[in-house]
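To keep things clear, I will list the structure first and then write my remarks on it.
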């Protein structure tokens, strides 16, 4: 085989490697952002499927305390799969309408 026939394959392989590494970097940045935005009160799901609420975050030990219905468990931060922002309570004013019944008199 000569160099001209191998060159297109090398270019395709190089392009494929470039795009794969680029998407991998994006995923890694999203993961780091997810872990950095965790706050006490956030709902989380661990890689084992455990659902709970963050009770405390220990930055020095790189751990998270998760409250699962009254049971506090300590996990490594890397064990968190998904994070949902803390729930905010909205005070909605409800309006009630008074319906008056009228009788028609003939």
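The values are calculated or read from the model by the stated rules, or taken from the named source; none is laboratory data. On a predicted model such as this, the values are computed, not experimentally measured, just so you know. Heads up, the Cβs are rebuilt from the backbone with ideal geometry, glycines too, and the neighbour counts pull from every protein chain shown.
Within segment 1-54, being surrounded by fewer than 10 Cβ atoms within 10 Å (Cβ to Cβ), in contact with a helix residue (DSSP H, G or I) (Cβ under 9 Å, 6 or more places away or on another chain) and part of a helix (DSSP H, G or I) holds for no residue.
Looking across 100, 74, one residue alone is exposed (fewer than 15 other Cβ atoms within 10 Å of the Cβ) and either at pLDDT below 90 or part of a loop (DSSP other than H, G, I, E, B) (or both). It is 100.
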